[in-house]
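Participant: So that we are looking at the same thing, I have put the structure below in structure tokens.
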Amino acid sequence: MGLRLRLPQKTSPRSPSYLLLCLLALSFFSFTALLFYKVDDFITQTKTLAGHNLEPTPWHIFPRKSFSEASRRSQAYRILQCSYFSCPYKPVLEPKSLLSDSVSGRRTQQPKCPDVFRWIQRDLEPWGETGVTKEHVEKAKESAAFRVVILSGKLYVDLFYACVQSRMMFTVWGILQLLNKYPGMVPDVDMMFDCMDKPIINRTEPQSFPAPLFRYCTNEAHLDIPFPDWSFWGWSETNLRPWDEEFGDIKQGSKRSSWGSKQPRAYWKGNPDVVSPIRMELMKCNHSRLWGAQIMRQNWAEEAKGGFEQSKLSNQCNHRYKIYAEGYAWSVSLKYIMSCGSMTLIISPEFEDFFSRGLLPKENYWPVSTTDLCRSIKFAVDWGNANPSDAEAIGKRGQGYMESISMNRVYDYMFHLIIEYSKLQKFKPEKPYSAKEVCEGSLLCFAEQKERDLLERSRAVPSLDRPCKLPDEDRSILQRLIQQKKKTTEDVRNMEMTRTERSS
Ligand SMILES: *[C@@H]1O[C@H](CO)[C@@H](O)[C@H](O)[C@H]1NC(C)=O
Ligand SMILES: *[C@@H]1O[C@H](CO)[C@@H](O)[C@H](O)[C@H]1NC(C)=O
């Protein structure tokens with residue numbers, strides 16, 4: 001009897017510890033299942049600056065970006081890490097008093113901003129009386145791909161739609177660098193951005209209140225507010241480096257041949273397949289003797305295979321005349337074309353970006369007409385070859401103009417535009433519920449190697465110089481410039497007509 005072992009109670013199916021074990025196992029499994037489910041949910045829901053889970057803008061469809069990552073889990077891990085664990089905690093900076101001279105260490109000299117900055121006030125005029133209300137911003141949201149909110153120097157971005165290629169990443173990077181450059185000086189602001197090419201806020205359509213929408217270009221018929229485009233920080237897909245670097249190289253390349261040894265013809269190289277009637281038209285002018293023009297087709301897929309050797313911009317300054325033709329809307333190519341110091345033949349553009357509005361015909365470019373395009377190009381070439389020193393001077397001033405739009409001035413443009421816009425805000429900006437903080441770490445975390453390389457090269461450091469001084473508002477100066485531009489362009493048209501009549 002003494003040998004009889006007392007059976008432990010574990011045989012009892014009703015034992016509470018057994019139940020507990022079952023319960024634990026069950027909850028473990030369901031937790032894991034939930035986790036997997038959640039991870040899945042997470043990857044399909046978290047929107048990112050790289051374009052994860054974002055649909056193309058409905059008002060301009062383009063192919064969705066595909067992500068190469070091997071497994072969903074590694075993708076989820078990356079999204080999780082980049083979105084939530086990449087911004088270090090930083091104490092909130094008290095905004096310093098704007099533009100105060102007391103900012104420690106900052107030099108006090110303050111250059112005057114170029115005249116083209118006068119457009120900032122004009123662009124914001126539609127909200128001059130009403131101010132920008134929450135309702136205005138909500139209306140702009142209907143046409144926006146993303147929203148940028150700056151609060152005490154921190155950047156929050158709310159993503160609605162994808163942007164083509166890496167536009168969004170580079171645009172947001174540019175704003176982050178502005179915060180780097182002028183720490184504590186950028187005011188709280190709430191801005192809606194679209195990143196597709198064409199402006200859409202119709203100026204003449206009767207509207208009780210127009211939507212303040214930022215994008216890369218605009219024109220007289222629209223109220224979209226132009227903002228420097230992504231390419232100033234680099235354009236990974238076409239191998240373009242940050243603007244300062246690219247400009248320096250092109251200028252260097254332009255010195256390799258003197259004016260006299262440059263080919264006395266007009267040159268264009270680009271992609272005609274971008275739904276651009278004017279570029280298609282331009283293809284017909286490809287005849288050196290007949291039209292004095294050489295038109296070359298750029299095949300980006302081929303160029304990419306060849307490491308972009310053939311498309312190096314610094315090797316494309318061997319002609320006395322270079323043609324600018326718009327693409328689907330404005331084209332980022334303008335600044336590189338003008339940097340060559342050749343006389344730029346601008347085919348009458350429909351759209352303008354923030355800096356092109358400061359160009360003046362016969363001063364820093366030559367206006368070419370869209371009607372009878374080839375003949376108009378030929379006229380410009382003949383005029384230049386008959387007046388070589390004038391043509392050279394126009395080319396040099398064009399290059400000088402681009403030099404004046406240095407990265408410092410690009411940041412200053414953004415700075416003043418944001419300040420003037422924020423003055424109009426009738427409400428205190430707040431972080432939208434769905435917006436996420438974006439910092440350098442979180443943005444770089446999503447960048448591919450090539451993008452990261454460009455982004456890091458275009459990093460801005462805190463400026464010792466103050467931003468340039470915005471000219472006082474003076475409508476008449478701008479009005480005069482616009483009139484002068486119109487008149488000179490008409491004069492050139494008349495010169496052309498006179499010659500055509502004489503020769504026919
Ligand atoms: C703007 O709206 C007006 C009036 O509805 C219309 O006639 C005009 O074509 C529109 N402009 C553009 C550029 O869409
Ligand atoms: C233009 O003409 C040149 C020389 O004849 C040729 O090499 C080039 O491919 C032509 N360009 C186009 C776009 O057809």
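The values are calculated or read from the model by the stated rules, or taken from the named source; none is laboratory data. Because the structure is predicted, anything quoted here is derived from the model rather than measured. Glycine also receives a Cβ, built like all others from the backbone with ideal geometry; neighbour counts cover every protein chain displayed.
Participant: Against the definition (surrounded by 14 or more Cβ atoms within 10 Å (Cβ to Cβ) and modelled with pLDDT under 95), how does Leu159 come out, yes or no?
Facilitator: Considered against the rule, which asks whether it is surrounded by 14 or more Cβ atoms within 10 Å (Cβ to Cβ) and modelled with pLDDT under 95, Leu159 comes out as no.
Participant: Sort through Pro349, Pro361 and tell me the only one that's within 16 Å of ligand 1 (Cβ to nearest atom) and within 30 Å of Trp119 (Cβ to Cβ).
Facilitator: Exactly one of Pro349, Pro361 is within 16 Å of ligand 1 (Cβ to nearest atom) and within 30 Å of Trp119 (Cβ to Cβ), namely Pro349.
Participant: Also, quick follow-up: Mind listing whichever residues of region 209-236 are away from ligand 1 (no atom under 14 Å from the Cβ) and part of a strand (DSSP E or B)?
Facilitator: Correct list: Leu213, Phe214, Arg215, Ile225, Pro226, Trp235.
Participant: How do the strands (runs of 3 or more DSSP E) wholly within region 258-372 filter down when requiring 3 or more residues that are within 20 Å of Thr488 (Cα to Cα): which remain? Reasoning before the result, please.
Facilitator: Values: elements: 263-270, 293-297, 319-324, 343-347, 366-368.
Filter on region 258-372 gives 319-324, 343-347, 366-368.
Participant: Look at Ala50 and say whether it is assigned to a helix (DSSP H, G or I) and either touching a helix residue (DSSP H, G or I) at 6+ places or on another chain (Cβ under 7 Å) or at pLDDT 80 or above (or both). Outline the logic, then answer.
Facilitator: Working: assigned to a helix (DSSP H, G or I): no; either touching a helix residue (DSSP H, G or I) at 6+ places or on another chain (Cβ under 7 Å) or at pLDDT 80 or above (or both): yes.
Judged against the criteria, Ala50 is not a match.
Participant: Could you identify the single residue in Ile250, Ile225, Ile295 that is within 16 Å of ligand 2 (Cβ to nearest atom), touching a helix residue (DSSP H, G or I) at 6+ places or on another chain (Cβ under 7 Å), of a type in the set (Val, Ile, Thr) and modelled with pLDDT of 95 or more?
Facilitator: None of the other options fit; the residue is Ile295.
Participant: Right, here's the next one. Scan region 257-292 for residues that are away from ligand 2 (no atom under 12 Å from the Cβ) and among the hydroxyl-bearing types (Ser, Thr, Tyr) and report the count.
Facilitator: 4
Participant: In region 418-476, what count of residues is obtained for those that are touching a strand residue (DSSP E or B) at 6+ places or on another chain (Cβ under 8 Å), among the basic types (Lys, Arg) and closer than 19 Å to Gly153 by Cα?
Facilitator: Summing the residues that are touching a strand residue (DSSP E or B) at 6+ places or on another chain (Cβ under 8 Å), among the basic types (Lys, Arg) and closer than 19 Å to Gly153 by Cα in region 418-476 gives 2.
Participant: Let me spell it out: the conditions are (1) among the aliphatic types (A, V, I, L, M); (2) more than 16 Å from ligand 1 (Cβ to nearest atom); (3) in contact (Cβ under 8 Å) with a residue 40 or more places away in the chain; (4) on the phi < 0 side of the Ramachandran plot, and Val275 meets all of them except one. Which number is the exception?
Facilitator: Single failed check for Val275: (4).
Results for (1) in contact (Cβ under 8 Å) with a residue 40 or more places away in the chain; (2) exposed (fewer than 13 other Cβ atoms within 10 Å of the Cβ), shown as yes or no for each residue.
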site: Tyr411; (1), (2): yes, no
site: Phe415; (1), (2): yes, no
site: Cys439; (1), (2): yes, no
site: Phe446; (1), (2): yes, no
site: Ser458; (1), (2): yes, no
site: Leu464; (1), (2): yes, yes
site: Glu473; (1), (2): yes, no
site: Lys487; (1), (2): no, yes
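Participant: Going through region 196-210 one residue at a time, which ones are touching a residue at least 12 places away in the same chain (Cβ under 8 Å), under 21 Å from Glu352 (Cα atoms) and surrounded by fewer than 24 Cβ atoms within 10 Å (Cβ to Cβ)?
Facilitator: Within region 196-210, Met196, Asp197, Lys198, Ile200, Ile201, Asn202, Arg203, Thr204, Pro210 qualify.
Participant: Take Gln165 and decide whether it is within 27 Å of Gln45 (Cα to Cα), in contact (Cβ under 8 Å) with a residue 60 or more places away in the chain and not in a strand (DSSP E or B).
Facilitator: For Gln165, the condition - within 27 Å of Gln45 (Cα to Cα), in contact (Cβ under 8 Å) with a residue 60 or more places away in the chain and not in a strand (DSSP E or B) - is met.
Participant: In the set Met343, Met296, Met338, Met283, which member is free of Cβ contacts under 8 Å to residues at least 24 places away in the same chain, not assigned by TED's automatic domain parsing to the domain that holds Tyr413 and not small (Gly, Ala, Ser)?
Facilitator: Met283
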